[in-house]
């Protein structure tokens, strides 16, 4: 993934410097610019890369005719190069120290990458839903925060049923909760003689 991003940036006319480990962890060496660390130079889909000594790495935007690969696991060359963009291609599941102030544009590749502000909001909602596992009782007016002392409590109640028929049983739910909404599958509440869904507005009386 990192070599693919570096190749596209180079083909777009940008100077590309790849910082690598002394012993790269790349598995598919023949399609990675990391191979230049071992062999001195390599090529990925027609784009050549050469290993450059860290001390000889020149500052500026002048682009040589190849991708520059430098052994710099700590990123010490960033302060000297002052890149217009920094792409963290380590495919990490968590931030390994990359900061937004290291370059005007900082991009991360990996399973937790965020593409935009709406994307970040969507990821936050998805994680919240995964943590709650679809349970909607927090949205009801009689949630735990506002529960009264005399509200009857059941020892167990089926709160969620998957399409495969598996059921998750939770204890301590108020007796006013009853069944799943036929429209959205959320928890129904029995109030004022009607079954009501506070998520989609479904209501059934009588």
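Rule-based calculations on the coordinates, nothing more; no lab input. For clarity, every value in this text was computed on a predicted model and none was experimentally measured. We place every Cβ from the backbone using ideal geometry, glycine too, and count neighbours over all the protein chains shown.
Worth pointing out:
- Calculated SAXS-style log₁₀ I(q)/I(0) at q = 0.21, 0.23, 0.27, 0.32 Å⁻¹ - segment 39-80, Debye, Cα scatterers: -0.74, -0.86, -1.06, -1.21
- Radius of gyration over Kirkwood radius for segment 2-113, both on Cα atoms: the Rg/Rh ratio is 0.92.
- A Förster radius of 25 Å combined with the Cβ-Cβ distance from residue 194 to residue 123 puts the calculated FRET efficiency at roughly 0.10.
- Full-extension gain in nm, residue 90 to residue 131, via 0.36 nm per residue minus C-alpha separation: 12.1 nm
- With the simple spin-label model, which puts each label point 7 Å out from Cα in the Cβ direction, the residue 23 to residue 38 separation comes to 1.2 nm.
- Label zone of residue 63 (point 7 Å out along Cα→Cβ, amide N under 17 Å): in segment 21-49 this covers 44-49.
- Gain in span if fully extended, residue 79 to residue 105, counting 0.36 nm per residue against the direct Cα distance: 7.9 nm
- Each peptide in 68-77, 51-60 was scored by the mean count of other Cβ atoms within 10 Å over its residues; highest first, the order is 68-77, 51-60.
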